[in-house]
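Here's the structure, in structure tokens; my notes come after.
The values are calculated or read from the model by the stated rules, or taken from the named source; none is laboratory data. Computed from a prediction, not measured in an experiment: that's the story for all the values here. All Cβ positions, even for glycine, are placed from backbone atoms using ideal geometry, and neighbour counts span all protein chains on display.
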Amino acid sequence: MLEKLCRWLRLLGYPTVSAWDIVDPREHEGDEDEVLLELAAEGHLLITRDGVLADRAGRGAIRVESGDVAGQLAEVLTFLGDEPVMNPDESRCPDCNAMVVRVEEGNPGPFEVTWMCPECRKRYWVGGHWREMEAFLDRVRRLMDGAPASSR
């Protein structure tokens, strides 16, 4: 459910893993929460919609309440005290979480600069979709301006 939030956090430069990336329910048979709580105890921030899990993690967790990604991102960034600013030179691959690297030669089409993931080799650029992404981040900023304080 928080997969899109995870992708946006990566685009904003946060090293982010989803529970699905680290907990295989077939291997943990009902103790998935324990694995996540252990990571929170090690200093990783646990972002969850599960209030009981957030309470168990204490200061190592934030419970997001919003049902939409913009609201969730606003809650997390408010909690962190950060602004929603996207800088491709500091972004991570939304798919695999690796830091992307700037490519200035041999780019496709009209793009003088692209960014490539060294792990999965996907390439990213500032194209027409950038306006949509900035509009989304403007919405997040507006929500943050009026966002209530986080419960954690």
**Message:** modelled with pLDDT under 95, over 11 Å from the mean Cα position of the chain (by Cα), of a type in the set (A, V, I, L, M, F, W, C) and within 18 Å of residue 94 (Cα to Cα): which single residue out of 57, 70, 19 fits that description?
**Reply:** 19
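In the stretch 48-69, what residues are more than 30 Å from residue 138 (Cβ to Cβ) and not basic (Lys, Arg)?
Of the residues in the stretch 48-69, the ones more than 30 Å from residue 138 (Cβ to Cβ) are 52-53, 55-60.
The answer is 52, 53, 55, 57, 58, 60.
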**Prompt:** Pairs, please: C-beta under 6 Å, at least 6 apart or cross-chain, first residue surrounded by 11 or more Cβ atoms within 10 Å (Cβ to Cβ) and in the stretch 106-118, second aromatic (Phe, Trp, Tyr) and not in a strand (DSSP E or B)?
**Reply:** 111/125; 114/125
**Item:** Hits in the stretch 66-103 (condition: charged (D, E, K, R), surrounded by fewer than 18 Cβ atoms within 10 Å (Cβ to Cβ) and closer than 16 Å to residue 4 by Cβ)
**Value:** 68, 95
**Request:** State yes or no: is residue 34 in contact with a helix residue (DSSP H, G or I) (Cβ under 8 Å, 6 or more places away or on another chain), surrounded by fewer than 18 Cβ atoms within 10 Å (Cβ to Cβ), among the charged types (D, E, K, R) and modelled with pLDDT of 85 or more?
**Result:** yes
